[in-house]
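As structure tokens, the structure follows; a few thoughts come after it.
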Amino acid sequence: MASVCNSSTTTTLKTPFTSSSTSLGSTPKPSQLFLHGKRNKTFKVSCKVSNSGDQNQSVETNFVDRRNVLLGLGGLYGVANAIPLAASATPIPSPDLKTCGRATISDGPLVPYTCCPPPMPTNFDTIPYYKFPPMTKLRIRSPAHAVDEEYIAKYNLAISRMKDLDKTEPLNPLGFKQQANIHCAYCNGAYIIGGKELQVHNSWLFFPFHRWYLYFYERILGKLIDDPTFALPYWNWDHPKGMRLPPMFDREGTSIYDERRNQQVRNGTVLDLGSFGEKVETTQLQLMSNNLTLMYRQMVTNAPCPLLFFGAPYVLGNNVEAPGTIETIPHIPVHIWAGTVRGSTFPNGDTSYGEDMGNFYSAGLDPVFYCHHGNVDRMWNEWKAIGGKRRDLSEKDWLNSEFFFYDENKKPYRVKVRDCLDTKKMGYDYAPMPTPWRNFKPKTKVSAGKVNTSSLPPVKEVFPLAKMDKVISFSINRLASSRTQQEKNEQEEMLTFDNIKYDNRGYIRFDVFLNVDNNVNANELDKAEFAGSYTSLPHVHRVGENDHVATVTFQLAITELLEDIGLEDEETIAVTLVPKKGGEGISIENVEIKLVDC
């Protein structure tokens, strides 16, 4: 599988398992969070696409005081078509629409409508590459919680007209359902390239695909209301003022209200950026503090290098799960928080389907999806603004990867990743908002000293672990202690969980802490000992007809954490795992500590 870092030294624990305060003005140490996984699967096209109509038919910019933030503001690789997968990968091409077949819902059944886009181009090879049209004014995307009534009315009108196309022209590529189907086709196994299934999540394709997706969606909405300056809002969930469902999406009877949305997120409920499908029993203040801690970890601590932020290279068809930090958290938890379980009964009595935000195939059916991804896209800009090594990837295999879309005039185009790196050149920008998470590095410690590791079972007595149905603490030996600063700069100390396996049809979440025991308060993440979390949204994965087991290797950088909690000189450390969701179905083969090059 593709690897972001090359391990030079490893401490391996064999098992019989069968199957400091970081300155934002300087370059942080390479603290990292990697997610690697393998999904070996085959694909069977259930039907070919047809045109038969088979469709389901002046803002603040300065930093804010930490206490005031909470108290005052809170109210690709790939191969060309028909060419066998090569050992050395090449840029992923645009999918040929003739290869598009039925997508599959995460728990196995086929999506009850085709996600493949009509109309079918007569000659795919002649589809031109997109060129940006002339512009006289940037479209400015504003935080959703701050827009006025005039904008809300305009947005509702645009979505209403997009939905009207579903009734009058069900095969119009500009229609609401057809636009939602773009996500379904790219993300749930409808496209085949070179005999291999295409997936734009869990790799470095995630950010550029969704940027292009929103770009055309936004232009279509503007075209429908004859306003070329219309811009999508962004859900400002990284700021306490935006840590709720934007109010304009909670007005029943409007075009942007979704009756299939999770009803528990309504009426000003505070958002959980680490959501695992269940409510966390804590105060609103603590939840906001947790959110800002997660943002700091994912944007600063865990993403100092490009491949850590964007995700690992994507090799078409080998099904590597290696998402970047923001895709993992908060992107997935916001989907979980706003989505629902398929088959749920909604106020309108609908039980046919309806996860909407809760599953990739249906996410685009909720208008808030595009608002959510507006902020995900904004994080790309904010991450680069932090500085250091935070810059766009330079690999040609990423820059030359392609996607396919229809523009606002229903004309088909191919697009390249290299052309979406600068939002201003694309014709839009984001209204600035403070980013308080930049100054939210956890400083408070759970305990004053070192946990007694001799009272904990060693790692070799705990793993392999058949299920994570309770809080688990263990001790693990480090490969090297008292490392010099030069050694730390050259290699990162990584806590590695090998061969995590779980049923990927459900939500998964567990947290990792250092230097605590099983009495840790896992609802308080704003502690220096909190290392990170693993979470997963239901997604397509099939090796066989009934095989839904995902295999993932999860790694957390601990160099910075060991400094912060005063354990640099310790040879043995304590690790605690706290299951939040689906733990009884999670098994782990082994845990080890590695020293890896960034």
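The values are calculated or read from the model by the stated rules, or taken from the named source; none is laboratory data. Here the structure is a predicted model, which means the values were calculated and not measured. Here the Cβ is made from the backbone with ideal geometry for all residues, glycine too, and neighbour counts use every protein chain on show. Keep in mind that these areas ignore ligands, DNA and RNA; they rest on the heavy atoms of the full protein, side chains included. Shrake-Rupley method; radii C 1.70, N 1.55, O 1.52, S 1.80 Å.
Details
- Boolean, Y413 is in a helix (DSSP H, G or I) and more than 30 Å from N477 (Cα to Cα): no
- Residue match in segment 475-484 (condition: open to solvent by 40 Å² or more (accessible area, probe 1.4 Å), assigned to a strand (DSSP E or B) and either in contact with a Pro (Cβ under 9 Å, 6 or more places away or on another chain) or among the β-branched types (V, I, T) (or both)): yes
- Residues satisfying the stated conditions in segment 127-150, i.e. touching a Phe, Trp or Tyr at 6+ places or on another chain (Cβ under 9 Å) and open to solvent by less than 70 Å² (accessible area, probe 1.4 Å): I127, P128, Y130, L138, R139, R141, S142, P143, A144, H145, V147
- Residue in segment 283-295 that is in contact with a Phe, Trp or Tyr (Cβ under 6 Å, 6 or more places away or on another chain) and of a type outside the set (V, I, T) present: yes
- Any hit, segment 238-256, residues being assigned to a loop (DSSP other than H, G, I, E, B), closer than 29 Å to R102 by Cβ and open to solvent by less than 10 Å² (accessible area, probe 1.4 Å): yes
- Residues in segment 183-200 that are out of contact with any Gly (no Cβ under 9 Å at 6 or more places or on another chain) and not in a helix (DSSP H, G or I): N188, V200.
- Taking (1) surrounded by 17 or more Cβ atoms within 10 Å (Cβ to Cβ); (2) on the phi > 0 side of the Ramachandran plot in turn, P412 satisfies each apart from (2).
- Meets criteria (in contact with a Lys or Arg (Cβ under 6 Å, 6 or more places away or on another chain), closer than 23 Å to F404 by Cα and modelled with pLDDT of 95 or more) for F132: no
- Filter result for E169 (under 30 Å from P121 (Cβ atoms), open to solvent by 10 Å² or more (accessible area, probe 1.4 Å) and either modelled with pLDDT of 95 or more or not hydrophobic (A, V, I, L, M, F, W, C) (or both)): yes
- Count of segment 547-577 residues, restricted to those that are open to solvent by less than 10 Å² (accessible area, probe 1.4 Å), modelled with pLDDT of 85 or more and of a type outside the set (G, A, S), is 9.
- Taking the numbered list (1) in contact with a helix residue (DSSP H, G or I) (Cβ under 8 Å, 6 or more places away or on another chain); (2) in a loop (DSSP other than H, G, I, E, B) in turn, G388 passes all entries but (1).
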